[in-house]
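Data first, discussion second: the structure below is written as structure tokens.
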Amino acid sequence: MRLAFLLYKYFPYGGMQRDFCRFVQETQKLGHECRVYYISWQGEALPGADLRKVPASAASNHSRNQKYYHWVQADLAANPVDGVIGFNKMPGLDVYYAADSCYLDKALNERGWLYRQGGRYRHFSEYEEAVFGSRSNTEILLISDTEQRKFEQHYHTDSRRMHMLPPGISADRRASEDAPQRRRAAREGLGLEAEDHALLFVGSGFIKKGLDRAIQAVADVLEEQPTSRVRLFVAGQDKERRFRKQAKSLGVAEQVTFLGARDDVPDLLLGADVLIHPALDEAAGIVLLEALVAGLPVICTQECGYAHHIVDGRCGLVLCSPFEQKDLNIAVQRTLDGVYRAQCRESALRYANMTDLYSMHVTGAELIEQFIQRKMGQSGG
């Protein structure tokens, strides 16, 4: 089959983007031709895929998205495929991978009336309804029970179109026999001593993933326990200026280190003492599970779709909603206890061996194949 994969932007450090890459690869393994439409691309090309850059530029994101959509539709009309798989919400998709949270829920609950009168709201709500609305036939691959309930609440989406996937952790994220040696090497590379308590923040959306909360926690804990040697390492590709300024104003600039985008996240997970992920909004949070399978204790918020794995695996602390800074501070202080961290590590590794956290992309590729084959059979293709 010939399949088109639609994505606005690709860069190698985003969770959704990495899922996109894995889905294409697994679909190729099933013997299908894959065409990719994108606006911008960072990193290596996908081997064997037909990459097509869409010349869409505009003053606003929603105007750019509309240009992208119309250009792709024209190209697909001239060069038809058997199925269209989207990683951003838009009309005309046969399959949508729901990595993003429910836009309408946020617009109604976190924005004011005036916001909902603008063109941005109209665009994103219409594109979301084109996927989840009652008149849509798009098959939906889901990764979060929480977000599924939101989509069902706002759009009354037919449950037969919604398919929950297992997580999809890469095998190289698991703690191997050489984990102790890799941990020592990673800590040495970060300039850490045995007494240092290393918090690791991983993510390319600093605001959405709550970096300001993590920096505040470092300052608060050090104020309350001046002898503790808490340090925060930030791995991710995003604008740093605002957060560097925050760390400086709180007097913890020396305790907060910005690492930029990194290709060695598995080693950073082994070298750290805790993953801190106080996200404001996170449909899934694959990094939570990457930490889990590496045996790294996790602190996260209830907003994270994969937070229930941290609870089920007894490998960290999940902060209840609404968020309170003092709760995060207490959680960080709890992880200063080495015995507690060792218990979390043991529980995490046991859970990682007992639970399917790895088959998302194989399962998703097989479902995509089934959906498109059924569509072709119904249309006589």
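Matching residues to (1) in a loop (DSSP other than H, G, I, E, B); (2) among the hydroxyl-bearing types (S, T, Y); (3) outside the structural domain of E303 (by TED's automatic domain parsing); (4) touching a residue at least 40 places away in the same chain (Cβ under 8 Å):
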{"position": "H123", "(1), (2), (3), (4)": "no, no, yes, yes"}
{"position": "A130", "(1), (2), (3), (4)": "no, no, yes, yes"}
{"position": "F151", "(1), (2), (3), (4)": "no, no, yes, yes"}
{"position": "H154", "(1), (2), (3), (4)": "no, no, yes, yes"}
{"position": "A175", "(1), (2), (3), (4)": "yes, no, no, yes"}
{"position": "Q181", "(1), (2), (3), (4)": "no, no, no, no"}
{"position": "A185", "(1), (2), (3), (4)": "no, no, no, yes"}
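Tell me, please, whether a residue that is more than 27 Å from I372 (Cα to Cα) and either assigned to a loop (DSSP other than H, G, I, E, B) or of a type in the set (G, A, S) (or both) can be found in the stretch 44-54.
yes
Within the stretch 156-173, can you find the residues that are part of a helix (DSSP H, G or I) and surrounded by fewer than 19 Cβ atoms within 10 Å (Cβ to Cβ)?
Within the stretch 156-173, S159, R160, R161, A171, D172 meet the criteria.
Among (1) surrounded by 13 or more Cβ atoms within 10 Å (Cβ to Cβ); (2) under 19 Å from the mean Cα position of the chain (by Cα), which single condition is D145 missing?
Among (1) surrounded by 13 or more Cβ atoms within 10 Å (Cβ to Cβ); (2) under 19 Å from the mean Cα position of the chain (by Cα), D145 violates only (1).
Quick check on the stretch 225-251: of everything there that is closer than 21 Å to A194 by Cα and in contact (Cβ under 8 Å) with a residue 60 or more places away in the chain, which residue is surrounded by the most Cβ atoms within 10 Å (Cβ to Cβ)?
Looking at the filtered set, the residue picked out is V230.
Using the structure shown, decide if L199 is outside any helix (DSSP H, G or I), among the hydrophobic types (A, V, I, L, M, F, W, C) and under 30 Å from M354 (Cα atoms).
For L199, the condition - outside any helix (DSSP H, G or I), among the hydrophobic types (A, V, I, L, M, F, W, C) and under 30 Å from M354 (Cα atoms) - is met.
Quick test for you: out of Y38, Y68, pick the one residue that is in contact with a strand residue (DSSP E or B) (Cβ under 6 Å, 6 or more places away or on another chain), modelled with pLDDT of 95 or more and not hydrophobic (A, V, I, L, M, F, W, C).
Answer to the selection: Y38.
Counting only residues that are touching a residue at least 40 places away in the same chain (Cβ under 8 Å) and surrounded by fewer than 22 Cβ atoms within 10 Å (Cβ to Cβ), which one in the stretch 1-11 is farthest from F206 (Cα to Cα)?
M1
So which residues in the stretch 165-212 are in contact with a Phe, Trp or Tyr (Cβ under 8 Å, 6 or more places away or on another chain) and β-branched (V, I, T)?
Scanning the stretch 165-212 gives a single hit, I169.
Tell me, which residue of the stretch 261-289 that is in contact with a strand residue (DSSP E or B) (Cβ under 8 Å, 6 or more places away or on another chain) and assigned to a helix (DSSP H, G or I) is nearest to I330 (Cα to Cα)?
The qualifying residue nearest to I330 (Cα to Cα) is L288.
I need the full set of residues from the stretch 132-149 which are in a helix (DSSP H, G or I) and either in contact (Cβ under 8 Å) with a residue 60 or more places away in the chain or touching a helix residue (DSSP H, G or I) at 6+ places or on another chain (Cβ under 7 Å) (or both), in order please.
Across the stretch 132-149, the qualifying residues are F132, D145, T146, E147.
Answer with yes or no whether E254 is closer than 25 Å to G338 by Cβ, free of Cβ contacts under 8 Å to residues at least 12 places away in the same chain and either basic (K, R) or surrounded by fewer than 17 Cβ atoms within 10 Å (Cβ to Cβ) (or both).
Yes; evaluated as a whole, the condition is true for this residue.
Output the residues belonging to the stretch 202-214 that are modelled with pLDDT of 95 or more, part of a loop (DSSP other than H, G, I, E, B) and not basic (K, R).
Of everything in the stretch 202-214, those that are modelled with pLDDT of 95 or more, part of a loop (DSSP other than H, G, I, E, B) and not basic (K, R) turn out to be F206, I207, G210.
Condition (residue is touching a residue at least 12 places away in the same chain (Cβ under 8 Å), polar (S, T, N, Q) and within 24 Å of A279 (Cα to Cα)) applied to the stretch 298-313: is it met by at least one residue?
Within the stretch 298-313, one or more residues are touching a residue at least 12 places away in the same chain (Cβ under 8 Å), polar (S, T, N, Q) and within 24 Å of A279 (Cα to Cα).
If you go through the stretch 221-244 one residue at a time, how many are under 14 Å from T335 (Cβ atoms) and either part of a helix (DSSP H, G or I) or in contact with a Gly (Cβ under 8 Å, 6 or more places away or on another chain) (or both)?
1
So, in the stretch 320-349, exactly how many residues are under 24 Å from the mean Cα position of the chain (by Cα) and either aromatic (F, W, Y) or over 21 Å from A279 (Cβ atoms) (or both)?
Looking only at that region, the number is 4.
The values are calculated or read from the model by the stated rules, or taken from the named source; none is laboratory data. Quick caveat: nothing in here was measured; it's all calculated off a predicted structure. Here the Cβ is made from the backbone with ideal geometry for all residues, glycine too, and neighbour counts use every protein chain on show.
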